[in-house]
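What follows is calculated from the coordinates using simple rules that are stated; it is not laboratory data. All values derive from a computational prediction rather than experimental measurement. Cβ sites come from the backbone with ideal geometry, for glycine too, and all protein chains shown count toward neighbours.
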Amino acid sequence: MKTVSSIQEWKAIRKTLKGTIGFVPTMGALHNGHLSLIKNSVKENDITVASIFVNPTQFNRKDDLDNYPVTMEKDLEQLQKLKTDYVFTPSFDDIYCDQYRYKVSENSFSKLLCGAHRPGHFDGVLTIVMKLFNIIRPDNAYFGEKDYQQLQLIKEMTHAFFLDINIVACPIIREESGLAMSSRNERLSKQARKHAALFYRELSSERPIAEICQKLQNENFEIDYIEEHFGRRFGAVTIDNIRIIDNVKI
Ligand code: AMP
């Protein structure tokens, strides 16, 4: 496995690569959810490239960015074990050489759900993904259904900009309790992590949304939204000052 930080170095390597390239963009602090994407890519491609870049432009709260877990050494070990070929770890200054003067934005679905509660979040996400796609130039790119709205917006962006990249959706990997795996779960206290499983149980219950909201509020969850779109129920809540999101098919 080779770690590459320089965009120029990657571009030189990219010219020499033959066969299909699978790409898994991440913000690090890897868990089994991320690793399932890597496994799919390794299975389906000749070469797998992962990226680790905590993207500041998609954070709308400075404290969330400042507290985002960083576990680079452990991440690299895990990626190597799974036979990842390259890990791309660019710097902020190289990626945002334009100081974020140029951005990709969508003005319909990105304004709902997480977009309504995290202003600018999806501009940051779509912009970094577009930049990474243009640098890595993969054939297949892997995204988790855990961030379903993000996945949908990225699929539509590749279509809108005629990118020859196949977006592969990967199922949500959950902890034993049902809680969707997330890098932010590491910041929950042991007790809150156990309690957070209630969010998935309620979200996937048959009860109407109003009852689910009531129950979660009674159990000290602060609710951003619980809404249904395209046959899925989406939810975002805060517990123990940590925001968690999830979605289930209905
Ligand atoms: P992140 O590092 O949070 O930006 O996530 C990188 C990729 O991993 C995104 O495509 C996420 O949707 C995906 N991912 C994160 N958590 C999970 C999970 N529990 N199951 C499946 N995919 C996930």
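The rows are residues; the columns are (1) assigned to a strand (DSSP E or B); (2) within 15 Å of the chain's Cα centre (by Cα); (3) closer than 25 Å to Ser36 by Cβ.
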| site | (1), (2), (3) |
| --- | --- |
| Phe143 | yes, yes, yes |
| Tyr148 | no, yes, yes |
| Lys215 | no, no, no |
| Val237 | yes, no, yes |
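Does region 187-199 contain at least one residue that is among the hydroxyl-bearing types (Ser, Thr, Tyr) and either closer than 24 Å to Asp123 by Cβ or within 13 Å of the ligand (Cβ to nearest atom) (or both)? No: region 187-199 contains no residue that is among the hydroxyl-bearing types (Ser, Thr, Tyr) and either closer than 24 Å to Asp123 by Cβ or within 13 Å of the ligand (Cβ to nearest atom) (or both). Scanning region 1-44 for residues that are in contact with an Asp or Glu (Cβ under 7 Å, 6 or more places away or on another chain) and either within 9 Å of the ligand (Cβ to nearest atom) or closer than 21 Å to Pro171 by Cβ (or both) gives Gly22, Gly28, Ala29, Leu30.
Considering region 19-101, the qualifying helices (runs of 4 or more DSSP H), each wholly inside and each with 1 or more residues that are of a type outside the set (Lys, Arg) and touching a Lys or Arg at 6+ places or on another chain (Cβ under 7 Å), run over 32-44, 92-95.
Selection over region 93-113 of residues that are surrounded by fewer than 17 Cβ atoms within 10 Å (Cβ to Cβ) and aliphatic (A, V, I, L, M) gives a count of 1.
Starting from residues that are near the ligand (Cβ under 6 Å from one of its atoms) and in contact with a Ser or Thr (Cβ under 9 Å, 6 or more places away or on another chain), keep the ones in region 136-152 and report whichever is nearest to Val49 (Cα to Cα). Break it down stepwise before answering.
Residues of region 136-152 that are near the ligand (Cβ under 6 Å from one of its atoms), as a first pass: 143-144, 146-147.
Next, only the ones that are in contact with a Ser or Thr (Cβ under 9 Å, 6 or more places away or on another chain) stay: 144, 146.
Details: Gly144: 16, Lys146: 21 Å.
Residue satisfying both the conditions and the ranking: Gly144.
Residue count for region 144-200 satisfying the condition of being within 20 Å of Ile212 (Cβ to Cβ) and of a type in the set (A, V, I, L, M, F, W, C): 8. The residues in region 161-200 that are over 25 Å from Phe23 (Cβ atoms) and surrounded by fewer than 15 Cβ atoms within 10 Å (Cβ to Cβ) can be counted, and the count is 6.
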